[in-house]
Amino acid sequence: MIARTTEEKEGITESGRRLGAVLAELRRHVAPGVSTKELDDIAEKMILEGGDLPAFKGYTPEGAPRPYPAALCLSVNDEVVHGIPNEQPKTLKEGDIVSLDLGLIHKGFVSDAAITVGVGAVSKEAQELMNTTENALAAGIAAAKVGGRVGDISHAIEQEYKGTKFSIVKVLGGHGVGGHVHEEPFVANFGHAGTGEELVEGMVLALEPIATAGKGTVTIAADGYTYRTKDGSIAAHFEHTILIEKDGARVLTEVA
Ligand code: MG
């Protein structure tokens, strides 16, 4: 992956700012009784009204059987990622945890971010899993430094789960982003510091720790998209698009 030009950095920064605003709005709507389709509709409407495009709708990731049918990926409880909110909509209930994963294209520039949100009061375990995963993302961001390696990020994320009962979903991970939804390099959520591609000023990456309260093995549903934990345990997912700058990484998708 190459360093971005000034124009690209500005475009991706604005894409990320807009995406963060949509996720903040979605977070305000998460409540018992709300349907997953309502949240997808809100996301799509807000993105289109801003003159932008939802990056996931119509996108076919490598290996997927068909284009993704919604703006938002919405994964509830034991759904890990890529839950489809608008085909067989669910009604959220108290105690659920919901991963909201969204991509936005602004003037051709792509950003990608996710948050996991509790629906009303959640279990202590669910809260700890969400907190650990959000901390893992922060640790990965802090490790994304000019002159370092991709493995520094992977290792920093993995360390946050040491001593917990939680498991990293090893088949999923972060990636380059900015010009397309998925670019090189793959950023594993586990690994060795000092290994992998060198981190350079101007790189844009989407970092996304994904973990479960049980084992880290997953299955894909018949819809071709929804990843679930094999053991039925709950999962959490946090993601930011970041820009690596001289003095450290800047988060482009603050949810505010
Ligand atoms: Mg992503």
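The values are calculated or read from the model by the stated rules, or taken from the named source; none is laboratory data. Computed from a predicted model, the values in this text were never measured in an experiment. Heads up, the Cβs are rebuilt from the backbone with ideal geometry, glycines too, and the neighbour counts pull from every protein chain shown. SASA here: full protein model, heavy atoms, side chains in, ligands and nucleic acids out. Shrake-Rupley method; radii C 1.70, N 1.55, O 1.52, S 1.80 Å.
Phi angles of region 23-33 translate, via the Karplus equation with coefficients 6.51, -1.76, 1.60 and θ = phi - 60°, into HN-Hα couplings of 5, 4, 5, 4, 4, 5, 8, 6, 6, x, x Hz per residue; Gly and Pro are given as x.
When the Gaussian network model of the chain links Cα atoms closer than 10 Å, the mean-square fluctuations of LEU74, LEU102, LEU53 top out at LEU53. Between region 141-187 and region 1-23, the C-alpha centres lie 19 angstrom from each other. Taking every DSSP helix (H) stretch of at least 4 residues in the chain, weighting each as -39,500 (n - 2.57) and dividing the sum by the residue count yields a mean residue ellipticity at 222 nm of -9000 deg cm²/dmol. Each of PHE166, ALA136, ALA21 was placed along the dipole of the chain (beta-carbon charges, centred on the mean Cα), and the one lying farthest toward the positive end is PHE166. Both numbers refer to the Cα atoms of region 6-251; Rg and Dmax are 16.8, 48 Å.
The protection proxy used here, the mean number of other Cβ atoms lying within 10 Å of each residue, ranks peptides 237-249, 82-94, 173-185 as follows, highest first: 237-249, 173-185, 82-94.
Where is the GNM fluctuation largest for the chain (alpha-carbon springs, 10 angstrom cutoff): ASP112, ASP52, ASP231? The residue that fluctuates most here is ASP231. Considering only SER99, SER75, SER233, the Gaussian network model of the chain with Cα springs below 10 Å gives its largest mean-square fluctuation to SER233. In a simple Cβ point-charge model (Lys, Arg +1; Asp, Glu -1; nothing else charged), the chain has a dipole of about 400 debye relative to its Cα centre.
When the accessible area of the chain is split by element with a 1.4 Å probe, what percent falls to carbon and sulfur? Mind dumping the intermediate values first?
On the way: 5560 of 10790 Å².
Carbon and sulfur together cover 52 percent of it.
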